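Computed from the coordinates by the stated procedures, all read-outs in this text should not be read as laboratory data. Everything numeric in this text was worked out from a predicted model, so none of it was measured. Cβ placement follows ideal geometry from the backbone for every residue including glycine, while neighbour counts extend to all protein chains displayed.
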Amino acid sequence: MAEVANDGDILGLFLAIGIPLFLTFGPIAFSAIFGSYYQKGKMDKLLEREKQTGRDPVSNLSNPVGDKKIHSSSLMWESVVIGPSWWQMLLGWIGSIFGGRLNAFTDIYDWARREALQRLREKVISSNFDDVINLRIETSMMSSTSRGKDRTAAMEIVAYGTAIKYE
Amino acid sequence: MTQGQVQLVVSNTETIPGMTIVQSLGLATGSTVRAKHIGKDIFAGFKNIIGGELKAYTELLTEARNEALNRMLADAAARGANGVVNVRFATSSVAGGAAELFAYGTAVVVQ
């Protein structure tokens, strides 16, 4: 016997489909929307700071340019630990099926390298050094992403160099 | 950088700018292994949803790297050096979210 569906049935149907759908795709959608918004904001702030720095003191030459007398030198380093968002990891996973370019990670890794460098610049400038030579950037994975129970994906980027102060 | 009473000059170049190396005293090393804090780990897991910097880990590794560097400096000072050149950092993840931070360089006497 067919009955006309009342409001309760429609609501029930809506909930029956909606809740599993939300639980499945909700976090990923949240990650996609808020993640890109958040990361874009961070990138804008970084660009602003890079502009304010003015002359870039950093170089990866092993000796300082010119023959200015050196007053003092010191090892300086700064690091940043980042993790891609769930959405980016999903895109990366899909991308790795087909291979080729992975645009999902490009932005956040680019941000992290530049952030580490910018922090080093700011530290060097605030410690009254003039230049940084022999800059090295090193990357290391902090936790397993594909294996094990640890689902946190984290990558550490450290930028280090010798800061020098001229007389 | 200072270590105890001795003032050590540290550099990641092969020479110390503005100084001359008179004696090499061998390799100075320092390392430390740090595990992630479970509370921080949970927070970092949430932060992973939107991505970006995991500040708790940045602080943890900064602290750990400082310790590795200080141990390297102590090693160098124990050899009677007053400088460390060509310093390199290495990181490796040990089992289950622990990370080893390693710093090494050549202990030297500079003038």
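Here are the numbers:
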{"read-out": "Length-normalised contact order for chain B - Cα pairs under 8 Å, 6+ apart - percent", "value": "44"}
{"read-out": "Average partner coverage of B:12-22, which counts Cβ from other chains inside 10 Å", "value": "6"}
{"read-out": "Shielding score for B:86-92, defined as the mean number of other chain Cβ atoms within 10 Å", "value": "4"}
{"read-out": "Cα lying deepest toward the dipole's positive end in the range A:7-166, options A:THR106, A:LEU61, A:GLY92, charges on Cβ", "value": "A:LEU61"}
{"read-out": "Shielding by partners, peptide A:64-74 (average Cβ within 10 angstrom, other chains)", "value": "3"}
{"read-out": "Modelled FRET efficiency - R0 22 Å, A:LYS68 with A:SER127, Cβ distances, 0.05 increments", "value": "0.75"}
{"read-out": "C-alpha center-to-center spacing [the range B:39-111, the range A:46-105] in angstrom", "value": "18"}
{"read-out": "Cα-only radius of gyration and Dmax that characterise chain B, units Å", "value": "16.9, 54"}
{"read-out": "The range A:7-166: relative contact order as a whole-number percent, Cα under 8 Å and 6+ apart", "value": "31"}
{"read-out": "Fluctuation leader among A:GLY18, A:GLY83, A:GLY26 - chain A, Gaussian network, Cα springs under 10 angstrom", "value": "A:GLY18"}
{"read-out": "Overall form of the protein assembly as shown per C-alpha gyration tensor (a/c, 1.5; a/b vs b/c)", "value": "prolate"}
{"read-out": "Too-long pairs where the Cα-Cα distance tops 18 Å, listed order kept, from A:LYS51/A:LYS123; A:LYS42/B:LYS55; A:LYS68/A:LYS123; A:LYS69/A:LYS165; A:LYS123/B:LYS47; A:LYS68/A:LYS165", "value": "A:LYS68/A:LYS123; A:LYS123/B:LYS47"}
{"read-out": "Net length gained if the chain between A:PHE25 and A:LYS40 were fully extended (0.36 nm per residue, minus Cα distance)", "value": "3.2 nm"}
{"read-out": "Computed [θ] at 222 nm, helices only, for the protein assembly as shown once each DSSP H run of length n ≥ 4 contributes -39500 (n - 2.57)", "value": "-15500 deg cm²/dmol"}
